[in-house]
Amino acid sequence: MGSRRNRGSISGLASSKRSFVSRQPPHVSFEFFPPKTPAGWDKLKETAARLAEFEPDFTSVTFGAGGSGNVRTLEACLAVRSVMDADVVPHLSCIGQTRDMIEAHLEEYKNAGFTRILALRGDVPDVPPDAKIDAPSTEPAFPPDGFRYASELVEFIKSRGHFHILVGCYPEGHPEATSLQTDIDNFIRKIEAGADAAVTQYFFNNAGYFHFVNEVRRRGLDTPIVVGLMPVWPYEQVARFSEKCGADVPLWIKKRMEGYQDDPKSQFEFAVEVAVTQSEELLRNGAPGIHFYTLNRPEAIVRICEHLRGQRVESVPSDDIGFGDVEIPASLS
Ligand code: FAD
């Protein structure tokens, strides 16, 4: 793998309105998901409006696998942009999509005024789209003229110009990767293909992030690697999803959470405490920013950001803790 200095710098995450570096530390950003229900749309807007006070460097909106995802992604990007003065980055995954479909999504994002994109392969859907499958049913659906890996998507987007490209990376290794080394090789392939910056999968072991970044730097790349951080709340759902996406939930966190089984308030407080400690250590040791997976809920993220800013922290009323019947991403439900 040839080494190369990366063109993307921290300021490469800048918004056209206000630059990344001009914002005050701590550098935070937020991920949202496109909801399905009217109540979910209200919650998205309410959450984005509530989090706006933390002046995020950028925000991002996830993309559903299978090709039809971008209608709601685009709509959600516009909803976030209507309540928050921050650069909005739509995600775009290539699984199950033809080149023409990808091209159409890019055109729509461009026409809507978005200049950055988070390029992904996408998760293998439980039920692959039934059209244009060229692989056995245990394999993801890859149309013949589509893209098999995110690096190919990055190369395609780069060749068309316009977009500043972010990609995902996995300090604890992607679940399908045969080793951490090959996964790092594959991450570097995405940078070589033209990605400017990266956001990590969430993790709870900071040592893995520092090791990953050191390894990438050792290979000559200075690509900004923003930390993706998921508070361990709601615990049951996050623990279950972590098994699927390969994020290690340390035993000490599991045991504390299980000890609070009938006490959601203590679970919530502990999740905030873990996230604050983790974020502080990461930022102190050079992480360029923390990208919070918000699940379209403000409570935990507000508390964490207030701590990071050294603000007085208000207690969250018990009624606001717990997800009740509020929509969460399908992947966690
Ligand atoms: P890739 O980089 O293509 O990697 C996928 C696997 O293939 C890895 O194991 C990698 O090591 C391997 N690989 C890569 N290139 C090669 C090669 N040339 N030869 C052999 N093996 C190779 N999913 C969604 O559906 N929607 C979202 O909005 C979304 N947002 C995300 C945001 C972030 C920050 C992250 C980290 C993940 C997100 N995901 C999302 C999940 C992501 O789509 C899955 O983790 C997916 O399984 C891998 O996507 P990728 O872009 O990392 O794939």
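Observations on the structure shown:
- Taking the criterion of being under 19 Å from L229 (Cα atoms), of a type outside the set (G, A, S) and not in a loop (DSSP other than H, G, I, E, B), the residues of segment 21-52 that qualify are V28, F30, E31, F32, L44, T47, R50, L51.
- Number of residues in segment 223-268 that are charged (D, E, K, R), in a helix (DSSP H, G or I) and surrounded by fewer than 18 Cβ atoms within 10 Å (Cβ to Cβ): the value is 8.
- Scanning segment 179-201 for residues that are more than 14 Å from A150 (Cα to Cα) and either more than 8 Å from the ligand (Cβ to nearest atom) or outside any loop (DSSP other than H, G, I, E, B) (or both) yields S179, L180, Q181, T182, T200.
- Conditions (1) modelled with pLDDT under 95; (2) closer than 25 Å to S151 by Cα; number of the one not met by Q261: (2)
- Residue that is in a helix (DSSP H, G or I), more than 24 Å from L180 (Cβ to Cβ), touching a residue at least 40 places away in the same chain (Cβ under 8 Å) and touching a strand residue (DSSP E or B) at 6+ places or on another chain (Cβ under 9 Å), where the choices are A275, A271: A275
- Filter result for G173 (in contact with a Gly (Cβ under 7 Å, 6 or more places away or on another chain), assigned to a loop (DSSP other than H, G, I, E, B) and either surrounded by fewer than 20 Cβ atoms within 10 Å (Cβ to Cβ) or at positive phi (or both)): yes
- Only one of the numbered conditions (1) modelled with pLDDT under 95; (2) surrounded by 13 or more Cβ atoms within 10 Å (Cβ to Cβ) is violated by S318, and that is (2).
- Any chance I165 is in contact (Cβ under 8 Å) with a residue 24 or more places away in the chain, more than 20 Å from T59 (Cα to Cα) and outside any loop (DSSP other than H, G, I, E, B): no
- Qualifying residues in segment 288-303 (those that are among the aliphatic types (A, V, I, L, M) and buried (at least 23 other Cβ atoms within 10 Å of the Cβ)) - the one farthest from V167 (Cα to Cα): A300
- You will find that of D248, D145, D196, the residue that is among the acidic types (D, E), in contact with a helix residue (DSSP H, G or I) (Cβ under 8 Å, 6 or more places away or on another chain) and within 21 Å of V61 (Cβ to Cβ) is D196 and no other.
- Test: residue in segment 244-255 that is over 17 Å from the mean Cα position of the chain (by Cα), at pLDDT below 95 and farther than 21 Å from I301 by Cα: no
- Residue in segment 207-226 that is aromatic (F, W, Y) and without any contact (Cβ under 8 Å) to a residue 40 or more places away in the chain present: no
- Residue list for segment 202-221, filter: within 14 Å of the ligand (Cβ to nearest atom), surrounded by fewer than 21 Cβ atoms within 10 Å (Cβ to Cβ) and in a loop (DSSP other than H, G, I, E, B): none
- Segment 97-120: number of residues that are surrounded by fewer than 15 Cβ atoms within 10 Å (Cβ to Cβ) and in contact (Cβ under 8 Å) with a residue 60 or more places away in the chain: 0
The values are calculated or read from the model by the stated rules, or taken from the named source; none is laboratory data. Predicted model only: the values in this text are computed from it and were never measured. With ideal geometry, Cβ positions are generated from the backbone for all residues, glycine too; neighbour counts draw on all protein chains shown.
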